[in-house]
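S.K.: The structure that follows is given in the form of structure tokens.
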Amino acid sequence: MIFEMINLFDWRKKKDILKELKQNGIYIHEREWRHIVEKHNKLYCEHKMDYYICHSNRGYKLTNNEDEIRESAKDYRKRAINQLIKASETLKALNENANFRLEVKDGEFFYSEM
């Protein structure tokens with residue numbers, strides 16, 4: 001297994017992880033790495049793994065420390081909320097734009113509601 005080849009019990013950046021795996025003959029794309037982390041953490045959530053892979057600006061870390069796992073989960077929640085806000089703002093703007101029409105009269109622009 002990949003986790004037997006690399007030490008993830010300390011924070012490691014993704015580029016360093018992928019480089020070390022490459023040195024061990026395992027070539028994976030960063031997207032594949034994220035997929036591996038996702039699968040592993042799903043197994044943790046199903047109580048099939050004892051360790052969770054936390055992610056932060058420090059990199060990745062394999063842990064069973066509740067505080068670190070909680071912080072990682074809070075980060076996921078924060079990013080999800082930020083993404084929902086951006087999606088709402090975009091859809092609102094799209095709907096607002098659909099309710100206006102741009103007209104040109106005598107070389108000047110006029111907006112009118114539809």
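S.K.: What nm value, rounded to one decimal, do you get for the distance between PHE3 and LYS105 when each label is placed 7 Å out toward the C-beta?
M.R.: It is 6.9 nm.
S.K.: Highest mean first, what order results for 28-39, 79-90 on Cβ atoms within 10 Å? Show your work: numbers first, answer last.
M.R.: Working: 28-39: 12.8, 79-90: 10.0.
Ranking the peptides 28-39, 79-90 by packing returns 28-39, 79-90.
S.K.: Counting other C-beta atoms within 10 Å, which of LEU8, LEU94 has the fewest, and how do the rest follow? Present the calculation step by step, with values, prior to reporting the outcome.
M.R.: Details: LEU8 19, LEU94 9.
Fewest to most other Cβ atoms nearby, the residues stand as LEU94, LEU8.
S.K.: As an exercise, use a Förster radius of 41 Å and the Cβ-Cβ distance of ASN24 and CYS45 to find the FRET efficiency, rounded to the nearest 0.05. If you can, show how the numbers build up before the last one.
M.R.: Details: r = 28 Å, r/R0 = 0.68.
According to the calculation, E is roughly 0.90.
S.K.: Mind pulling the angle between the C-alpha long axis of helix 66-98 and the longest principal axis of the chain? Nearest 10 degrees, somewhere in 0 to 90.
M.R.: 20 degrees
S.K.: Given axes a ≥ b ≥ c from the Cα gyration tensor, I'd like to know whether the chain is rounded (a/c under 1.5), prolate (a/b larger than b/c) or oblate. Kindly include the intermediate steps, with their values, before the conclusion.
M.R.: Working: a/c = 4.06, a/b = 2.55, b/c = 1.59.
Because a/c hits 1.5 or more and a/b exceeds b/c, the chain counts as prolate.
S.K.: In nm, what is the difference between 0.36 nm times the number of residues separating ALA73 and LYS92 and their Cα-Cα distance? Write down the numbers at each step before the final one.
M.R.: Details: separation 19, 0.36 × 19 = 6.84 nm, distance 2.85 nm.
Here the answer is 4.0 nm.
S.K.: Taking only Cα atoms, what is the 0 to 90° angle, nearest 10, from helix 30-45's long axis to the longest principal axis of the chain?
M.R.: Roughly 70 degrees between the two axes.
S.K.: Just need the relative contact order of the chain here, percent rounded to a whole number, with Cα pairs under 8 Å and 6+ apart.
M.R.: On the way: 91 pairs, mean separation 19.9, N = 114.
Rounded, it is 17 percent for the chain.
The numbers here are math on the coordinates, done by the rules we state, and not lab data. Computed from a predicted structure; not experimentally measured. Glycine gets a Cβ as well: all are built from the backbone with ideal geometry, and neighbour counts include every protein chain shown.
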